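Working notes for the structure below.
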Amino acid sequence: MSLNVPCFRIAVLPGDGIGTEIMAACTQVLSVLTEGNAGFTLDLVFLEAGADYFTRTGEDISQDAFNTARTADAILLGAMGLPQVRFPDGTEIAPHLAMRTEFGLFAGVRPVKQYPNLPPVLFDSRSKKVDLVIVRESTEGLFAHRSEGRVIDDRVALDTLEITRPVCERLFDFTFNLARDRKSRGLPGTVTCVDKANVFRSMAFFRKIFDERAQLFPDISVRHQYVDAMALDLVRQPWEYDVLVMENMFGDILSDLGAGVVGGMGMAPCGEIGLEHGLFQPAHGTAPDIAGSGRANPTAMLVSAAMMLHWLGQRHANAHCQLAGERLDAAVTAGYAEGDFLPYEFGGTSGTMEISDRLCRRLAINGESV
Ligand code: ATP
């Protein structure tokens, strides 16, 4: 292999609960994808952080680990936090939330994709394919001042929602470019702005900036939808949507709804992307109810890793890395289509490592014929 093969440094934070289990599955698959003459390598730097680490050390993440994540080419995260482990003020241990703000990860990209052979959830969706992406603004909105909420005289509670022009402009430009990329791959390339512009000034401002930035992307069609109507449509006709962009809290709620529509949290990948950094993690939590059973569905973790490879490849103009992301994505889809596995989440009997083993075998076989 040439000495000039690029090596990407990945900060790996498995975290707590099923986070450590799905991360083991993920790193096994990544090692198959990078073996031989792959055209790039990954230097996985494992870092401790989360609730278990807090119990042992009194801090949720060390400054060193935080800095390592800051200087890495990408961050790969399992899941963090345990319900019984809290800071003295009662909040959960979630150092990755600080990464969102510190690293400016304004775009939470959450694909909602229906995989073949899975039981339909709320409707007979066998004939219509759900394949949309929610872009959740992840640094402001109702979360911007989350530690400053007030309760006055045990009578009134106040939280503040913040929308700023620079973040909105970055968010919408990112979203329109994402739609453009999807359009180039044969998808509709339509962006829907989800808000509550009929009631809140902040939301009318959000929509105004959306409309302004849309002018710069004349090849992309735009729609508007109020968040309540969007919730209805996500259940009734999700196949009618392509890319949805929304405020932080709305995105938090609707992306879980989206995950439910395609089967469950194990199918909900996520990329949190900023101008300089990218953090990739499944949208679900540590699932203490199934942790240790070996039954966690690693799909969301694996697709998040595929998103990471795709993002790294695009960012560093490395076609091999981009292709590896596409291969992983395709292998997951083919694995479901050909009945290689059915996770417990869907009533099947395929455990975390069995799914990973089968994907490794599929990737190794396909890799030889490339
Ligand atoms: P958080 O608040 O940290 O997002 P949560 O308490 O809302 O977490 P999750 O940990 O996401 O909840 O779990 C919600 C439900 O989904 C649980 O019943 C859990 O077992 C299930 N679940 C989550 N992730 C997976 C997975 N990868 N595979 C199977 N089931 C999962």
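The values are calculated or read from the model by the stated rules, or taken from the named source; none is laboratory data. As the structure is a prediction and not an experimental result, all values here were calculated from the model. Positions of Cβ are generated from backbone atoms using ideal geometry, with glycine treated the same way; all protein chains shown enter the neighbour counts. Please note that ligands, DNA and RNA were not included when accessible areas were found on the heavy atoms of the full protein model with its side chains. Shrake-Rupley method; radii C 1.70, N 1.55, O 1.52, S 1.80 Å.
Between 70, 100, which is more than 15 Å from the ligand (Cβ to nearest atom), surrounded by fewer than 22 Cβ atoms within 10 Å (Cβ to Cβ), in a helix (DSSP H, G or I) and not hydroxyl-bearing (Ser, Thr, Tyr)?
70
Looking at region 308-322, which of its residues are crowded, with 24+ Cβ neighbours inside 10 Å and over 14 Å from residue 38 (Cα atoms)? Let's see the steps before the verdict.
First, the residues of region 308-322 that are crowded, with 24+ Cβ neighbours inside 10 Å: 308-309, 321.
Passing the criteria: only 308.
Name every residue in region 323-336 that is small (Gly, Ala, Ser) and either open to solvent by 50 Å² or more (accessible area, probe 1.4 Å) or not in a helix (DSSP H, G or I) (or both), in order of residue number.
Hit for region 323-336 is 330, nothing else.
Spot the failing condition for residue 125; the list is (1) of a type outside the set (D, E, K, R); (2) surrounded by fewer than 16 Cβ atoms within 10 Å (Cβ to Cβ); (3) modelled with pLDDT under 90, and only one is missed.
(2)
Just need a number here: residues in region 275-303 that are open to solvent by less than 10 Å² (accessible area, probe 1.4 Å) and away from the ligand (no atom under 11 Å from the Cβ).
3
In region 1-37, what residues are closer than 17 Å to residue 302 by Cβ, more than 14 Å from the ligand (Cβ to nearest atom) and small (Gly, Ala, Ser)?
31
Within region 5-19, is even one residue under 16 Å from the mean Cα position of the chain (by Cα), farther than 22 Å from residue 357 by Cα and open to solvent by 30 Å² or more (accessible area, probe 1.4 Å)?
No, region 5-19 has no match at all.
State which residue pairs qualify: first residue β-branched (Val, Ile, Thr) and inside region 292-306, second residue within 10 Å of the ligand (Cβ to nearest atom) and open to solvent by less than 10 Å² (accessible area, probe 1.4 Å) in any location, beta carbons under 8 Å apart, and separation of 6 or more residues or different chains.
299/266; 299/267; 299/343
Only helices (runs of 4 or more DSSP H) wholly contained in region 160-258 count here; list those with 2 or more residues that are among the hydroxyl-bearing types (Ser, Thr, Tyr).
165-184
Kindly indicate the residue of region 73-97 that is among the aliphatic types (A, V, I, L, M) and within 13 Å of the ligand (Cβ to nearest atom) and also surrounded by the most Cβ atoms within 10 Å (Cβ to Cβ) among those meeting that condition.
If we take residues in region 73-97 being among the aliphatic types (A, V, I, L, M) and within 13 Å of the ligand (Cβ to nearest atom), then 79 is surrounded by the most Cβ atoms within 10 Å (Cβ to Cβ).
For residues that are free of Cβ contacts under 8 Å to residues at least 60 places away in the same chain and among the small types (Gly, Ala, Ser), scanning just region 166-194, find the one that is farthest from residue 220 (Cα to Cα).
Of the residues in region 166-194, the ones free of Cβ contacts under 8 Å to residues at least 60 places away in the same chain are 166, 168-169, 173, 176-177, 180-181, 183-193.
Then keep just the ones that are among the small types (Gly, Ala, Ser); that gives 184, 186, 189.
Numbers: 184: 11, 186: 13, 189: 6 Å.
Out of the qualifying residues, it is 186.
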